[in-house]
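Written below as structure tokens is the structure these notes are about.
The values are calculated or read from the model by the stated rules, or taken from the named source; none is laboratory data. Note that this is a predicted model, so its numbers are computed, not measured. Note that we place each Cβ from the backbone using ideal geometry, even for glycine, and neighbour counts take in every protein chain shown.
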Amino acid sequence: MAKEPEKKPRWYKLVAQAYKATAPHDKWLLPLMIGIPVLVIGLSVVIGLLFGSTIVLVYSIIFGVLTAALAAMYTLTRRFEKVMYARMDGQIGASLSIAQGIRSGWQFADDPISVDPRGRSIVFRGVGKSGVVLLAEGGTAAQKQVAAANRRITKLVPGVPVHVIYVGNRDGDIPLAKLSKAIRGNKKALTKSERGAVIARLDAIGGQKLPVPKGVDPLRARPDRKAMRGR
């Protein structure tokens, strides 16, 4: 018997979950969630009264309530993202969580293509509109791994651009909060069909053997990607 598809949680439950996850780490969340809607609705009432028309006042209040709700949701979303990025910062595999949250045009494999537990460096690979992207965590410790991966990919799919992004807080690194923009910021180089062919080629050849000792899981600290996307 086929399993019933999972029901998506109601939007208000997602809002409640986001608030509960953010409030303990953000003392300004509640004041902003109350103050911004009050300010917006107050301004809409004042504007409606200035026109001296009941119809204008009613429409102004309705518009103000809707705008206030959107402003509150936007505030919650931004504060939630800020807290989540701060909590994920420094965790191995955090970059993959952000990358896999990109809605369309990109595909990042769950498994890394290179891991160095001793240097705490790790490299993930993704394929998207601008070509192949390598996400490297660990700073300079990941440079040799990136160079090896770059050479291998260039041989397997010649002509396909390979972009390297070092994720972290050092000079030249891209912080988690700006990672999505950095991934999507490169010029489009592949069509949808070409992306599929590149992914198939890379997956068919396979990746390098990961130097991970038995009993060691380099991704055990990776945060829940579904929770980050609000699912």
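Structure summary
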| item | result |
| --- | --- |
| From the options S95, S44, residue that is among the small types (G, A, S), in contact with a Phe, Trp or Tyr (Cβ under 7 Å, 6 or more places away or on another chain) and more than 28 Å from I165 (Cα to Cα) | S44 |
| Leading residue by the ranking (surrounded by the most Cβ atoms within 10 Å (Cβ to Cβ)) among those in region 61-109 that are at positive phi and touching a residue at least 12 places away in the same chain (Cβ under 8 Å) | G93 |
| One residue from Y85, Y166 being of a type in the set (F, W, Y), modelled with pLDDT under 90 and under 30 Å from H25 (Cβ atoms) | Y85 |
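Quick grid of which residues meet (1) crowded, with 16+ Cβ neighbours inside 10 Å; (2) modelled with pLDDT under 90:
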position	(1), (2)
L135	yes, no
K144	no, no
T154	no, no
I183	yes, no
A200	no, no
P211	no, yes
R231	no, yes
